[in-house]
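Here's the structure we're looking at; comments come further down.
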Amino acid sequence: MNLESFSNELLLDLFEYLPVVYLLRAFYDLNFRFNNLILIHFQRFGLNFRSISQYDFNLICRQYLPAIADCINFLTLSNDDDTPQQIDLFLEHGLTISQFINLKSLSLCDLCSDEIMIKLMLEWKYLVNLTHLTLAGCYLQLDQINAQRLIDSIWNLSKLIYCYLNISFNESNILVPTVMSSSLKYVFIWGIEHCQNEINALFKQTPCLQYFSILLNIDLNDNNDVEYPFLSITKLKLYLSRIQEDRIIKFLQNMPNLYQLIIDICSLDQDYTNAILNGYQWKKIIRNNLPNLHIFRFRMEFQLTNENNREQQIDELINSFQSSFWIKEHNWFIQCHWHSINSSSSIYLYTLPYSFDDFNFNYSMKFKSTYPNNNNNNYMHYNHVHSLKYDMSSIEEVFSSSIQFFNLQTLFVKFPVNDHFWSLIPKFNQLTSLIISINDDNNIQSQLQFLLDHTPCLYSLSFSSCSSSFLPQILPFEFRNKSIRRLDLRGYDQYFNDEQCLILSHSSLGIQCEILFIKIQNYQILLNIVNNMINLRTLIIQCENDKFNETNNDELIVCLTTFRETSCAFYLTILSIINNIGQLITSLLTRIIITEFNINWIRNLLFYCKFRIFASQVTIMRFLLHVFVWQQLINILQSVVEFNGKDGVILKLHIV
């Protein structure tokens with residue numbers, strides 16, 4: 001069947017299933033029609049380089065990006081462990097952000113270079129169509145002046161609507177612009193708590209703000225409340241480490257048009273007696289200050305200051321949310337769970353349906369709720385939860401609960417598990433990351449393999465807190481899953497030896513692995529890993545033999561040789577053998593002639609002397625050639641060493 005006979009709509013649907021590099025190499029420059037369809041595809045979906053090999057990334061940057069840069073609407077670059085130094089490589093190819101003149105969305109992840117951040121900051125002012133900007137996990141060492149310049153450059157973007165900032169400036173972590181943005185409507189700031197006076201300043205510089213999310217510091221000594229009504233905000237999400245009724249009232253009373261309020265509170269301050277607000281207090285706040293509030297979601301983690309009559313106190317708290325205001329007027333229900341035995345553990349109180357991304361199921365939990373017991377289980381389906389920690393012994397008692405998780409993407413689970421685990425998570429079809437902790441080795445292999453058989457989209461498998469006493473029963477040598485591409489074995493409390501690494505590299509998971517985290521006994525093991533794990537593109541190791549000072553934060557570029565996908569190894573081996581044999585024959589022949597025939601060619605034959613000199617020169621040339629080729633091999637791999645004190649050195653290798 002001829003692909004050109006397909007309709008444009010069908011081809012565009014087909015393009016969605018192809019990796020970027022395959023799409024470009026297969027269809028770009030075939031004809032005008034395919035070029036146009038590829039550009040339409042990139043205008044819709046952009047370029048996300050978060051999971052791409054360095055070879056493919058270099059290929060795209062070198063051959064394709066300069067020609068299609070002005071057609072890209074969305075661009076994501078990342079320096080995380082999967083794609084280390086990707087942003088640096090982007091710039092080394094001579095590319096600039098300003099080339100993407102039609103860019104609407106830019107995401108930069110794990111960028112920790114001050115120099116590169118300043119360079120990009122100076123370029124994105126030319127992106128006149130930019131509406132969305134994300135800076136995630138960017139830990140910088142900028143001084144106060146450059147940090148302020150960075151924030152102001154963002155607020156100066158004339159069409160910017162959405163901004164997500166998770167950045168740190170070391171000395172100064174205050175994200176307060178000094179210029180006004182008339183376009184920003186959605187601002188999400190993560191990573192550090194902000195006081196109300198800082199939020200006041202941010203509000204003043206963002207008059208069109210509608211949706212705001214931040215870590216709010218309720219400082220009892222801070223008297224800088226929101227100074228005037230802020231009518232544009234309709235959605236607010238707050239993360240709090242403590243809460244006090246009068247302070248939260250002063251903060252919310254100037255947002256009368258608030259339609260949606262989401263609050264996440266972790267109040268574990270032992271010296272703070274008013275840990276949470278009950279249903280009566282929240283009713284008063286909403287009645288008096290938030291007349292337009294329709295969606296109210298909260299989650300509170302707290303401990304009781306007085307553990308006497310624990311369940312009675314919990315019952316009183318739950319009863320405060322059972323008035324007609326909660327049940328009939330707004331249809332708002334809450335649920336509480338706590339440890340049934342450990343009285344010092346945290347208590348969780350939250351609205352239903354549960355609206356947060358993560359959930360911990362780590363003990364014998366007891367549940368109480370204001371939701372009536374009927375056949376409608378929608379409130380018990382925690383569909384917003386994408387990350388679950390199931391840290392429970394297989395012999396622990398589980399109180400009856402109809403909670404279920406259908407949309408998990410990340411799962412932390414302690415093995416072995418009991419039957420409750422399988423009823424808690426009916427489906428694993430969306431799971432992409434699995435983190436395993438081993439409690440004992442009873443029935444682990446069969447349970448884990450059963451889980452892997454039901455995770456068709458699993459990308460990352462990690463082992464956490466695995467004792468060497470369980471080895472080799474829990475080593476990932478015999479497990480099977482066709483979709484896994486990332487292995488993290490740092491959770492084992494031992495360093496892998498050469499034999500174990502060799503077995504790993506020949507296992508099914510090892511052969512298909514692209515990203516590997518591992519602790520090894522010595523650097524010689526690296527060659528076996530790199531040579532045998534044919535799909536490996538990123539290797540992050542921790543070596544037992546290396547110990548460094550905890551205060552040493554320098555970076556070191558380490559060279560490593562590899563023979564993968566090249567004939568150089570074979571060439572060097574053959575060349576060395578021939579060279580050695582040639583030297584041996586020449587020397588041996590001279591000795592035989594002298595001993596047996598009493599003829600000294602060295603003294604009597606000028607030709608032979610010159611030949612010996614020529615052979616020596618050839619040998620030197622071969623040696624220099626060896627050095628050159630080895631250096632080229634060395635340059636194939638670049639590695640960055642990060643020092644972490646007592647645990648040894650961590651070596652990051654990006655393999656091309």
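Each label point was placed 7 Å from the Cα along the Cα-to-Cβ direction; for MET180 and ASP29 their separation is 5.1 nm.
Using the Karplus relation 6.51 cos²θ - 1.76 cosθ + 1.60 with θ = phi - 60°, the per-residue 3J(HN,Hα) values for region 322-339 come to 10, 6, 5, 4, 7, 7, 8, 5, 10, 6, 9, 10, 10, 9, 10, 9, 7, 6 Hz, with x marking Gly and Pro.
Of the peptides 511-520, 29-38, the ranking by mean beta-carbon count within 10 Å, highest at the top, reads 511-520, 29-38. Annotation: amide H of ILE334 within the under-5 Å range of LEU352, THR370, TYR371, sequence separation 5 or more or interchain, hydrogens built in the peptide plane.
Take the Cα of SER232, step 7 Å along the line toward its Cβ, and report every residue of region 245-262 whose backbone nitrogen sits under 18 Å from that point. Once the point is set 7 Å along Cα→Cβ of SER232, 254-260 turn out to lie under 18 Å by backbone N, inside region 245-262.
For ASP358 and ASP315, a Förster radius of 30 Å and the Cβ-Cβ distance give a FRET efficiency of 0.65, rounded to the nearest 0.05.
Stretching ILE511 away from LYS159 to a fully extended chain increases their span by 122.0 nm, per 0.36 nm per residue minus the current alpha-carbon distance. Between GLU92 and ILE341, residue separation times 0.36 nm minus the direct Cα-Cα distance comes to 83.7 nm.
If I stretch the segment between ASN522 and GLU193 completely, what's the gain in nm (0.36 nm per residue apart, minus their alpha carbon distance), one decimal? Extending this stretch completely gives an extra 114.2 nm. So, counting K/R as plus one and D/E as minus one, what does the shell of residues with Cβ under 12 Å around ILE435 add up to? The answer is +2. Report note on the peptides 320-326, 210-216: ranked by the mean count of other C-beta atoms within 10 Å, highest first, their order is 210-216, 320-326.
Distance between the modelled labels on ILE118 and ARG44, one decimal in nanometres: 4.2 nm (7 Å Cα→Cβ projection). In this simple spin-label model, placing a label point 7 Å from the Cα along the Cα-to-Cβ direction at both ASN146 and ASN407 gives a separation of 4.0 nm. With K and R counted +1 and D and E -1, the other residues having a Cβ less than 15 Å from that of LEU103 yield a net charge of +2.
Listed here are the pairs LYS159/LYS427; LYS104/LYS237; LYS235/LYS366; LYS104/LYS284; which of them are more than 31 Å apart at the Cα? In this structure, LYS159/LYS427; LYS235/LYS366; LYS104/LYS284 exceed 31 Å between Cα atoms. Working from Cα pairs under 8 Å separated by at least six residues, relative contact order for region 46-181 is 20 percent. Summing Lys, Arg as +1 and Asp, Glu as -1, what charge do residues with Cβ under 11 Å from the Cβ of ASN407 carry, ASN407 excluded? Combined, the nearby Lys, Arg, Asp and Glu give 0. FRET efficiency for the pair PHE477 and HIS384, taken as 1/(1 + (r/R0)^6) with r the Cβ-Cβ distance and R0 = 45 Å, rounds to 0.75.
Each reported figure results from applying straightforward, stated rules to the coordinates on display, with no laboratory input. Values in this document were obtained by computation on a predicted structure and should not be read as measured data. As a convention, Cβ positions derive from the backbone with ideal geometry for all residues, glycine included, and neighbour counts pool all protein chains shown.
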